[in-house]
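The values are calculated or read from the model by the stated rules, or taken from the named source; none is laboratory data. Quantities reported herein were computed from a predicted structural model and do not represent experimental measurements. We place every Cβ from the backbone using ideal geometry, glycine too, and count neighbours over all the protein chains shown. SASA here: full protein model, heavy atoms, side chains in, ligands and nucleic acids out. Shrake-Rupley method; radii C 1.70, N 1.55, O 1.52, S 1.80 Å.
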Amino acid sequence: MLVNYLLEYIVAFFFLLIWTYLIPAGVFHWLFFVRPNQETDARRIQKRRNSPEDVRREVKDSIVSLLLFSFYTVPVYHAYKNGHTAIYSDPGKYPIWWMAGSFFAAMILHDTYFYATHRLMHTKALFVLLHARHHKSITPTPWAILSFQPLETIFHFGFFALLIFFVPMHPIVLLVYLLYDELVNAAGHCGHEFIPAKLKDHWLFKYSNAVTHHDLHHSRFHYNYGHYFNFWDRIMGTFCDRTGNKP
């Protein structure tokens with residue numbers, strides 16, 4: 001029994017390492033740091049440059065987070081195997097449109113959960129205990145996407161546990177959502193704005209976070225707590241636009 005749990009833990013770790021860290025962080029590292037040129041450098045948001053020590057810390061912290069995420073994953077996997085989650089394998093169990101619907105439902109729920117917990121972690125009582133280490137990355141890189149303090153991992157994994165237990169999703173949709181979520185996360189930490197400024201007021205992008213929104217959160221701390229969208233920041237008065245101004 002113990003051997004089986006250990007094997008499941010190892011499999012979970014390497015799956016999460018590759019699918020939720022190396023692929024998303026690697027894509028944006030390659031785009032903006034491996035092949036730098038005048039065009040990519042012009043997209044850089046901050047004049048400040050990250051140091052090799054920053055990257056080593058981000059990677060080290062992310063590996064610790066992955067070790068913890070893997071530990072949390074094993075009991076959730078067993079709950080799934082025993083039929084105690086909302087995950088379904090038969091595509092005919094729900095209308096076919098729900099495949100896409102569950103993905104977008106996850107985005108809306110995740111953004112709301114993220115804003116609330118992220119704002120909570122920025123309170124004076126909890127910041128040092130939960131979130132301060134992530135903000136050592138004032139000029140973040142894609143390798144900072146999982147750079148959390150140990151207790152903070154509970155908050156981040158908590159959403160996915162709630163999603164798996166309460167929102168019906170096909171396993172393929174869940175896997176795609178995991179990758180998409182970390183690709184967005186890596187984009188937000190890549191330090192280079194690739195969404196054209198002329199689109200910032202377009203109806204499709206106005207309420208979606210660009211890279212600059214989250215980059216400003218790392219340099220200013222008290223603005224832009226949202227994940228995918230900025231409507232909660234706008235409603236709660238914590239929005240800072242791409243020019244660095246508060247509307």
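Couple of notes before you dig in:
- Residues being under 15 Å from Phe69 (Cβ atoms) and outside any helix (DSSP H, G or I) - total across the stretch 154-181: 0
Conditions (1) open to solvent by 20 Å² or more (accessible area, probe 1.4 Å); (2) of a type in the set (Ser, Thr, Tyr); (3) at pLDDT 95 or above, marked per residue:
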{"position": "Arg43", "(1), (2), (3)": "yes, no, no"}
{"position": "Tyr77", "(1), (2), (3)": "yes, yes, yes"}
{"position": "Lys81", "(1), (2), (3)": "yes, no, yes"}
{"position": "Trp98", "(1), (2), (3)": "yes, no, yes"}
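- Residue identified as in a helix (DSSP H, G or I), open to solvent by 50 Å² or more (accessible area, probe 1.4 Å) and hydroxyl-bearing (Ser, Thr, Tyr) among Thr123, Thr112, Thr117: Thr112
- The stretch 126-148: number of residues that are open to solvent by 20 Å² or more (accessible area, probe 1.4 Å), assigned to a loop (DSSP other than H, G, I, E, B) and in contact (Cβ under 8 Å) with a residue 60 or more places away in the chain: 2
- Residue within the stretch 182-194 that is aliphatic (A, V, I, L, M), open to solvent by 20 Å² or more (accessible area, probe 1.4 Å), assigned to a helix (DSSP H, G or I) and modelled with pLDDT of 95 or more present: yes
- Matching option when the condition is of a type in the set (Gly, Ala, Ser) and within 23 Å of Val55 (Cα to Cα), among Ala144, Ala197: Ala144
- Unmet criterion (only one of (1) farther than 29 Å from Ile138 by Cβ; (2) part of a helix (DSSP H, G or I)) for Ile63: (1)
- Count - residues of the stretch 195-223 that are open to solvent by less than 20 Å² (accessible area, probe 1.4 Å) and farther than 13 Å from Asp241 by Cα: 1
- Residue satisfying all of: in the stretch 229-246; open to solvent by 60 Å² or more (accessible area, probe 1.4 Å), part of a loop (DSSP other than H, G, I, E, B) and free of Cβ contacts under 8 Å to residues at least 12 places away in the same chain; nearest to Asn185 (Cα to Cα) among these: Thr243
- The stretch 100-109 - residue that is farther than 15 Å from Asn209 by Cα and aliphatic (A, V, I, L, M) and, of those, least open to solvent (accessible area, probe 1.4 Å): Ala106
- Any hit, the stretch 47-55, residues being of a type outside the set (Phe, Trp, Tyr), modelled with pLDDT of 95 or more and surrounded by fewer than 16 Cβ atoms within 10 Å (Cβ to Cβ): yes
- For Gly226: the one exception among (1) in contact with a His (Cβ under 7 Å, 6 or more places away or on another chain); (2) more than 21 Å from Ala42 (Cα to Cα); (3) open to solvent by less than 10 Å² (accessible area, probe 1.4 Å): (1)
- The single residue among Pro24, Pro75, Pro36 that is within 25 Å of Ala210 (Cα to Cα) and either part of a helix (DSSP H, G or I) or within 19 Å of the chain's Cα centre (by Cα) (or both) turns out to be Pro24.
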